[in-house]
Amino acid sequence: MSTVIYEVRDRVAHLTLNRPQSLNALNLAMIEDLRVATARAEVDAEVRAILIAGAGEHFMAGGDLKWFREQLALPPQERQPLFERTISDVHQTTLQLRRCGKPVVAAVRGAVAGFGLSLMLAADLALAAEDAYFTLAYSNIALSPDGGATWSLPRTVGMKRAMEIALLGDRFDAAQALAWGLVNRVVPVAELPAQAEKLALRLAGGAAEALASTKRLLNDSLNASLAEQLHAEQRAFASCGVNADFGEGLAAFFEKRRPSFNVD
């Protein structure tokens, strides 16, 4: 997987987008490598959290427009099904990240554009360097968004703001992204790798079932009634309550020490 580097350190799967010479723009190889890497991290028993970052000075500058320009030579009846298949492959990564029971952190800097923004939104938490800049950009080249952006944005920033981001395609900075709730924290550029790893390590050290249940409950709440959500909380609470981590959490609380979760 040359376009996505997969490494596991201290129970954190590091997924590094690795096309720095192209601002980590998404090409066909990276689409497949991302799909494989996210699926691998989900089933890897050693992995408790996932951290996605970009090699070099940028997270991802969207799709590879050179490839799209090459496809203009195809007649529309061939181009449309090709684009549908390609975006279907892109969407596998979004689905895997959202459905994965393991916490996902995105560490972004530089360009966070197009699918780069969609990918960041698919993560559970996002840290941005002060030099990060964001744009959905699709409307600027007469395309509609992909990667789940039209699902994530209204739920994150509200419909009016989502319309502004998607229809205008304007660029905005890290401070604005923080104010709109698109990222959790903004940190100095030099501190981004260490701060992101610290956060991922903290999540990796958490109680796996409790975190997975919490993530699932929050995601499912967007389409559930209150009664349905209360029932889901009831079942998840009871399931976590018979997990060994619950006993460890209580013991650590009463013994005034840090808990040691996920001990196999």
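The values are calculated or read from the model by the stated rules, or taken from the named source; none is laboratory data. On a predicted model such as this, the values are computed, not experimentally measured, just so you know. When we count neighbours, we look across all protein chains shown, and the Cβ atoms used for this are built from the backbone with ideal geometry, even at glycine.
Odds and ends about this structure:
- Unique match (being small (G, A, S) and part of a strand (DSSP E or B)) among A53, A45, A39: A53
- For first residues located in the stretch 238-264 and surrounded by fewer than 10 Cβ atoms within 10 Å (Cβ to Cβ), partners that are assigned to a loop (DSSP other than H, G, I, E, B) and lie 6+ apart or on another chain with Cβ distances below 9 Å form the pairs R258/G205; D264/A45.
- Meets criteria (in the same structural domain as L192 (by TED's automatic domain parsing) and surrounded by 24 or more Cβ atoms within 10 Å (Cβ to Cβ)) for S88: no
- Residues considered: L211, L182. Of these, the only one that is of a type outside the set (K, R), part of a helix (DSSP H, G or I) and either on the phi < 0 side of the Ramachandran plot or not assigned by TED's automatic domain parsing to the domain that holds L65 (or both) is L211.
- Here the stretch 220-237 is the region considered, the condition is being touching a Lys or Arg at 6+ places or on another chain (Cβ under 9 Å) and surrounded by 11 or more Cβ atoms within 10 Å (Cβ to Cβ), and the residue that is farthest from G206 (Cα to Cα) is A232.
- Of note, A179 satisfies the criterion of being of a type outside the set (V, I, T), exposed (fewer than 14 other Cβ atoms within 10 Å of the Cβ) and under 21 Å from T135 (Cβ atoms).
- If the condition is being surrounded by fewer than 19 Cβ atoms within 10 Å (Cβ to Cβ), within 21 Å of K215 (Cα to Cα) and among the polar types (S, T, N, Q), then the stretch 122-159 contributes T150, T156.
- Tabulated pairs, the stretch 131-159, first part of a loop (DSSP other than H, G, I, E, B), second of a type in the set (K, R), C-beta under 9 angstrom, 6+ apart or interchain: D131/R109; A132/R109; A137/R171; G148/R98
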